[in-house]
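*Asks:* Let me give you the structure first, and then I'll get to my questions.
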Number of protein chains: 4
Amino acid sequence: MIIELQNNISTQDKEAILNKIESLSYAFTEVITQTGHYVVGKNGIELDKAQFDTLGGIKHLHYGLSNYKLVSRQWKTQATKIQLNNNSIIQDGGFSIIAGPCAIESEDQIETIIKHLADNNITMMRGGIFKPRTSPYSFQGLGLEGLKQLHNVASSKGIGIISEVMDISQIEEMYDYVSAFQIGARNSQNYNLLKALGKTNKPILLKRGISSTLDELLNSAEHIYSSGNEQIILCERGIRTYENAYRNTFDLNAVPVLKEKTHLPIIVDPSHGIGISRHIESMALAGVMAGADGILLEVHENPAQALSDGQQSIDFKTAESLYRKLSATYDLRSSFEA
Amino acid sequence: MIIELQNNISTQDKEAILNKIESLSYAFTEVITQTGHYVVGKNGIELDKAQFDTLGGIKHLHYGLSNYKLVSRQWKTQATKIQLNNNSIIQDGGFSIIAGPCAIESEDQIETIIKHLADNNITMMRGGIFKPRTSPYSFQGLGLEGLKQLHNVASSKGIGIISEVMDISQIEEMYDYVSAFQIGARNSQNYNLLKALGKTNKPILLKRGISSTLDELLNSAEHIYSSGNEQIILCERGIRTYENAYRNTFDLNAVPVLKEKTHLPIIVDPSHGIGISRHIESMALAGVMAGADGILLEVHENPAQALSDGQQSIDFKTAESLYRKLSATYDLRSSFEA
Amino acid sequence: MIIELQNNISTQDKEAILNKIESLSYAFTEVITQTGHYVVGKNGIELDKAQFDTLGGIKHLHYGLSNYKLVSRQWKTQATKIQLNNNSIIQDGGFSIIAGPCAIESEDQIETIIKHLADNNITMMRGGIFKPRTSPYSFQGLGLEGLKQLHNVASSKGIGIISEVMDISQIEEMYDYVSAFQIGARNSQNYNLLKALGKTNKPILLKRGISSTLDELLNSAEHIYSSGNEQIILCERGIRTYENAYRNTFDLNAVPVLKEKTHLPIIVDPSHGIGISRHIESMALAGVMAGADGILLEVHENPAQALSDGQQSIDFKTAESLYRKLSATYDLRSSFEA
Amino acid sequence: MIIELQNNISTQDKEAILNKIESLSYAFTEVITQTGHYVVGKNGIELDKAQFDTLGGIKHLHYGLSNYKLVSRQWKTQATKIQLNNNSIIQDGGFSIIAGPCAIESEDQIETIIKHLADNNITMMRGGIFKPRTSPYSFQGLGLEGLKQLHNVASSKGIGIISEVMDISQIEEMYDYVSAFQIGARNSQNYNLLKALGKTNKPILLKRGISSTLDELLNSAEHIYSSGNEQIILCERGIRTYENAYRNTFDLNAVPVLKEKTHLPIIVDPSHGIGISRHIESMALAGVMAGADGILLEVHENPAQALSDGQQSIDFKTAESLYRKLSATYDLRSSFEA
């Protein structure tokens, strides 16, 4: 159950509501987000609406929801639109491209990549500066200094940066230099990190964990949302299965099913989804037709020399051809929906 | 290793070759297919080419192949084109539609479905008459009589039937009434059945097992091919993973990767791939963009009343809209390849 | 629902029951097994018991069962005891050893293995003569002649043979030479084969499919049982997961959970379950403690030279040590249950 | 490659070694642990030993290792023994019991549980105070105050506490009150947390991620070890598969395989491994026979009332019976190894 409170609810009214709930021995959480104020109950128990009839300050009561609540489309039927601080938009029915290297590797690379993006009118860039690597002896990223340099160059071209945050302590450090924080697959159930990001007002790109169910992904989003931040983009990036002919199994089923379950936008990451650069085009175009609202794409000026994920990055020429095909495919999809 | 023999090889030459191989203690299998004659060696051991220099009757020697041999694109780079006895074609770079109900249920249904297909210029129909069901108490199909009725109506409209064969004894019974035999996911490693079908000259639609690797699927095809029948269509139909928000996880990664590994055509089955009728359109269109050569689609005149798989069947109106979208999407894909 | 009929039910009484059911539009299957006579309804619909109050010939009505019926422990609470034609027994609370090579390879081997088994008082032997192999070019087994030779030697020592049947046509051929038929993992949902075996009166060792759920395994058993044969042994042999440090993931959870769900005995196959010969002892002993009623063990006189599965076979010396440890572990387990 | 330095290496000698490595363009990491000093190279590249022949301060050079290095048994063949600050020991060939509730719920519970443990001579207690929960609206644990209370009571009985740490900021807060830190499955690849724990000198109980390969688990341990802390206990706790008849699939194969790959002790958690309280005994005993060095067991004074994981907790009476059986089973296992 969600009790949606009036935004200007009086202290007295709110206390009356909370007292009523407590008197019914009902466990609840008070949630204040960027646009709303709620009392959310645990799954599985629903209070009798009649109990609240005489109380003031209540906008709506929502019943019968999934075990995730505020991110559910049952509760909020209108799609959530994400706007970055450089005015880039990710939203239901759109198709946004976020491109860039797995990891930022050098100053030279920054100039080259930003030029490529600007030349192709791409306004959102991915690029890791803190890299979670299976082995502690692999390249761990350039760190904060790399991000600052990247931000200098990118912002001069109006490009927003989306970069992975691995620890709470990095949120404040990175804050001024990113347009959105990314949560990587390995941290998709690091709830302390999710809650801390829920207290910021920057959009969050939340990747599905390597074996997360859709239900778990939506509950991870709920951790962010219920901490206050409504600006969440979900990302399907391949799941772990028994098949080892590819790095991951790209689960495009997730796209239409998530769009039905939640009001948050869904993008796809075919680079991780198949992990083989010569097949990324096929899977990216398939992603458009599956209904994704955008794409996260690993693009590198020289994939063969990349310090990480070279085998799943595409070069500039391939990327430019793909951008055009994505656009034509999106136009066709839009014509179907008309 | 494959030793490709000349089609008109003399008995003497062949014996000389086999004797040479035996003298080298090399395990081999003689294979005669519709268009070729081969001696195929076990994986992992390669003979010295020089040993065969002086022997007659050899067309080519092929080395360094995968553990599947004759279905490998390393060996045969030209794509295999499948032509049904009603002249329908399934081939690399094309896009063929095979539609129809999960199971044939009644004579009335047959008339209705065939009319729908003919009206939409669809020349290949799916429809089970022997149904593998998890429970022995579920509907098991109409059996052979149903197939004969279906064949009567379908052939009058030039429509070819593709129907699942579950046992060797059914091959001969069904032979005159089908244009292609289907191997279902549960029998994808029923090697005796595969070999028996390899001795027929009807095309075989081979579905990937619910947890088959691509390697296993190609080896199942090799069982058919090495028994003599080159006419094999592979079908991705969803795999089993931990995710239970859908019936299966539709593995579109398999499409580009299989097309690289084998010369056989690849089609997709989004009905089983996602198993939720309202999401089949998205996944079907995604399948086109992933590069599939065709689609297997469950269409039913009244899905809510279907005796099996109603939840993943689409009705005629939805199907007609989808056929148009598939066509437009295929045209766009073709324009990319130009 | 199961309607259990009296064994001596009159034709009139039976027809009255069937007529009543048909009048209620209830789909049903008549089942005659070795010891019982039943009318079994489809899952999900239960008739009103009162409808049958006045009818004769009914022993019991069973309600509220799982989607498998006759193999369910909800219906038959007493455990089923399997007795082979050489008087070997596999039953709930016992611990039976079935040992032998993956495949029978030669006459010499037969003598050696049978001696090993007889010396160790093992009365049940495994040994494939028809081998399902992923590649058509791998060793396919000695075939029927091998089985006859094996039977000659084994029967002289009182040892019963359990061997895999891959096709319906082999049932009759093999019948006189085996004490039980094995269904391999790849054929665990080959329902035509299951039903044909259900019409024999030899025990069936049914292996879990490589990605079968317990529910599917029990439904496969139901196919056999509802065709008439109650003598079924279930076998957990490892499932397919993402982990590739071993051949399969040995799912010992299945043992206590299956024992609760069904009255059929459950054995385990650690040879396939882990697939690494030096770790089979640990997993075999773990299997005893998990509650298995027996074990299927790949034992070879010289694993390094085995034509199949050598990497997961143990030699005689290792096997003898293991038999003693299995026995001691089983004794300890039995003392816990006392 | 690992270059093991002499503990008293001179600054000059160390610099000569690092200079030599840099001159060879070899990426490396300097590692100082509780007992050693190393230079560790990235996987896949091995330097020529001869290059180091003339340099001083080198104890050993280790080559040809797995992609994890310092936790590998190839490098360190002697098993690592973990000693908690209350003198409890977890080590190869032993069998340690760690028992307690999923989460600490109240002061009353603390008294009850500690008494139960003390009465049964169990010196290590599990008990969560910060609980990672899929839903943000579920019980999140008592927090630090709960831990302090628990520590007061436990330490008076000589019982050491093992409790999950979810965030770097909690390490210092919890430090004085725990004998070992636990990393939960969801944080098993939270590398920042692993590295921070690697800088402490408390033992770390590292749970396998819900879909971690053994290789990933060992690399997670390598993150801790290479940050300085050698005191790591690995824990198998069930993995995610397609089977949903149980909460997880308990992967006992991991036990013998991990023991071969690493010198760290391995314990098992049957409570999460099967997730059904009435089957925990079977799987716990199976775990002993699989070769585990200990067990993590969810025990609750009243499972039906537990605030989390009640369905997989056992009550005191069941636990006491299990402790005796574990002990007898361990004795039998030890007699086999003798």
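*Asks:* Residue by residue through the range C:314-326, note down the ones that are within 13 Å of another protein chain (Cβ to nearest Cβ) and touching a residue at least 60 places away in the same chain (Cβ under 8 Å).
*Replies:* C:Tyr323, C:Leu326
*Asks:* Of the residues D:Val299, D:Val255, only one is modelled with pLDDT of 95 or more, at the interface with chain C (Cβ under 10 Å from one of its Cβ atoms) and in contact with a Gly (Cβ under 8 Å, 6 or more places away or on another chain); which?
*Replies:* Details: D:Val299 fails: at the interface with chain C (Cβ under 10 Å from one of its Cβ atoms).
Of the residues listed, the single one that is modelled with pLDDT of 95 or more, at the interface with chain C (Cβ under 10 Å from one of its Cβ atoms) and in contact with a Gly (Cβ under 8 Å, 6 or more places away or on another chain) is D:Val255.
*Asks:* Here is a check on your reading of the model: is A:Ile3 within 14 Å of another protein chain (Cβ to nearest Cβ) and farther than 30 Å from A:Glu145 by Cα? Lay out the reasoning, then the answer.
*Replies:* On the way: within 14 Å of another protein chain (Cβ to nearest Cβ): yes; farther than 30 Å from A:Glu145 by Cα: yes.
Against the criterion (within 14 Å of another protein chain (Cβ to nearest Cβ) and farther than 30 Å from A:Glu145 by Cα), A:Ile3 qualifies.
*Asks:* Residues of the range B:213-226 being touching a helix residue (DSSP H, G or I) at 6+ places or on another chain (Cβ under 8 Å) and crowded, with 23+ Cβ neighbours inside 10 Å, which ones?
*Replies:* Those that are touching a helix residue (DSSP H, G or I) at 6+ places or on another chain (Cβ under 8 Å) and crowded, with 23+ Cβ neighbours inside 10 Å: B:Leu217, B:Leu218, B:Ser220, B:His223, B:Ile224, B:Tyr225, B:Ser226.
Rundown of residues vs (1) within 14 Å of chain A (Cβ to nearest Cβ); (2) over 23 Å from D:Gln311 (Cα atoms); (3) modelled with pLDDT of 95 or more, yes/no style:
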{"residue": "D:Ala50", "(1), (2), (3)": "no, yes, no"}
{"residue": "D:Leu65", "(1), (2), (3)": "yes, yes, no"}
{"residue": "D:Lys81", "(1), (2), (3)": "no, yes, yes"}
{"residue": "D:Phe95", "(1), (2), (3)": "no, yes, yes"}
{"residue": "D:Ile104", "(1), (2), (3)": "no, no, no"}
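*Asks:* A follow-up question, please. Restricting attention to the range B:210-220, does a residue exist that is within 17 Å of C:Asn192 (Cβ to Cβ) and in contact (Cβ under 8 Å) with a residue 12 or more places away in the chain? Give the derivation first.
*Replies:* In the first step, residues of the range B:210-220 are kept if they are within 17 Å of C:Asn192 (Cβ to Cβ); the result is none.
There is no residue in the range B:210-220 that is within 17 Å of C:Asn192 (Cβ to Cβ) and in contact (Cβ under 8 Å) with a residue 12 or more places away in the chain.
*Asks:* Right, something else. Out of D:Ile274, D:Ile280, which single residue is touching a helix residue (DSSP H, G or I) at 6+ places or on another chain (Cβ under 7 Å) and more than 7 Å from chain C (Cβ to nearest Cβ)? Even if it seems obvious, please write down each step before you answer.
*Replies:* Values: D:Ile274 fails: more than 7 Å from chain C (Cβ to nearest Cβ).
Just a single option satisfies the conditions, and that option is D:Ile280.
*Asks:* Does any residue in the range D:74-94 that is under 20 Å from D:Val288 (Cα atoms) come within less than 9 Å, Cβ to Cβ, of a residue that is surrounded by fewer than 16 Cβ atoms within 10 Å (Cβ to Cβ) and at pLDDT below 95 six or more places away or on a different chain, and which pairs are these?
*Replies:* As it stands, the answer is D:Gly93/D:Glu337, since those pairs meet every condition given.
*Asks:* Working only within the range A:227-252, note down all residues that are of a type in the set (Ser, Thr, Tyr), surrounded by fewer than 24 Cβ atoms within 10 Å (Cβ to Cβ) and at the interface with chain B (Cβ under 8 Å from one of its Cβ atoms).
*Replies:* Going residue by residue through the range A:227-252, those that are of a type in the set (Ser, Thr, Tyr) are A:227, A:241-242, A:246, A:249.
Then keep just the ones that are surrounded by fewer than 24 Cβ atoms within 10 Å (Cβ to Cβ); that gives A:227, A:242, A:246.
Passing the criteria: A:Tyr242, A:Tyr246.
*Asks:* Let me ask something additional. Residues to consider are A:Leu55, A:Leu117, A:Leu47; find the one that is in the same structural domain as A:Ile233 (by TED's automatic domain parsing) and of a type in the set (A, V, I, L, M, F, W, C).
*Replies:* Numbers: A:Leu55 fails: in the same structural domain as A:Ile233 (by TED's automatic domain parsing); A:Leu47 fails: in the same structural domain as A:Ile233 (by TED's automatic domain parsing).
Unique residue meeting the criteria: A:Leu117.
*Asks:* Something else about it: Could you please tell me which pairs satisfy a Cβ distance under 6 Å, a separation of 6+ or placement on different chains, a first residue in the range C:45-56 that is over 16 Å from C:Ala27 (Cβ atoms), and a second residue that is in a helix (DSSP H, G or I)?
*Replies:* Note: pairs meeting the criteria are C:Leu55/C:Ala16; C:Leu55/C:Ile17; C:Gly56/C:Asp13.
*Asks:* Related question: Any residue at all in the range A:283-290 that is over 30 Å from B:Ile276 (Cα atoms) and either of a type in the set (Lys, Arg) or free of Cβ contacts under 8 Å to residues at least 60 places away in the same chain (or both)?
*Replies:* no
*Asks:* If you scan the range D:259-281, which residues turn out to be assigned to a helix (DSSP H, G or I), under 13 Å from C:Ala254 (Cα atoms) and of a type in the set (Gly, Ala, Ser)?
*Replies:* Just the residues of the range D:259-281 that are assigned to a helix (DSSP H, G or I), to begin with: D:259-261, D:270-274, D:277-281.
Right, trim to under 13 Å from C:Ala254 (Cα atoms) and you get D:273-274, D:279-280.
Correct list: D:Gly273 only.
*Asks:* Shifting gears a bit: Taking the stated definitions as given, is C:Thr54 within 30 Å of C:Ser334 (Cβ to Cβ), of a type in the set (Val, Ile, Thr) and surrounded by fewer than 14 Cβ atoms within 10 Å (Cβ to Cβ)?
*Replies:* Details: within 30 Å of C:Ser334 (Cβ to Cβ): no; of a type in the set (Val, Ile, Thr): yes; surrounded by fewer than 14 Cβ atoms within 10 Å (Cβ to Cβ): yes.
Criteria not met by C:Thr54.
*Asks:* To continue, here is another question. Among the residues of the range C:34-48, write down those that are surrounded by 13 or more Cβ atoms within 10 Å (Cβ to Cβ), more than 13 Å from chain B (Cβ to nearest Cβ) and out of contact with any Phe, Trp or Tyr (no Cβ under 9 Å at 6 or more places or on another chain). Walk me through how you get there before you give the answer.
*Replies:* First, the residues of the range C:34-48 that are surrounded by 13 or more Cβ atoms within 10 Å (Cβ to Cβ): C:36-43, C:46-47.
Narrowing further to those that are more than 13 Å from chain B (Cβ to nearest Cβ): C:36-37, C:46-47.
The answer is C:Gly36, C:His37.
*Asks:* Which of the residues belonging to the range A:299-313 are outside any helix (DSSP H, G or I) and without any contact (Cβ under 8 Å) to a residue 40 or more places away in the chain? I'd like the intermediate steps shown before the answer.
*Replies:* Let us first name the residues in the range A:299-313 that are outside any helix (DSSP H, G or I), namely A:299-302, A:306-309, A:313.
Within the range A:299-313, just A:Asn302 meets the criteria.
*Asks:* Which of the residues belonging to the range C:311-329 are under 24 Å from the mean Cα position of the chain (by Cα) and either among the hydrophobic types (A, V, I, L, M, F, W, C) or not assigned by TED's automatic domain parsing to the domain that holds C:Ser96 (or both)?
*Replies:* C:Ile314, C:Ala319, C:Leu322, C:Leu326
Condition check ((1) exposed (fewer than 14 other Cβ atoms within 10 Å of the Cβ); (2) among the polar types (S, T, N, Q)) across all residues:
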{"residue": "A:Ile9", "(1), (2)": "no, no"}
{"residue": "A:Tyr26", "(1), (2)": "no, no"}
{"residue": "A:Ile32", "(1), (2)": "yes, no"}
{"residue": "A:Ile82", "(1), (2)": "no, no"}
{"residue": "A:Gln91", "(1), (2)": "no, yes"}
{"residue": "A:Ile97", "(1), (2)": "no, no"}
{"residue": "A:Gln109", "(1), (2)": "no, yes"}
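The values are calculated or read from the model by the stated rules, or taken from the named source; none is laboratory data. Values in this document were obtained by computation on a predicted structure and should not be read as measured data. A quick note on method: Cβ atoms are made from the backbone with ideal geometry, for glycine too, and the neighbour counts reach across all protein chains shown.
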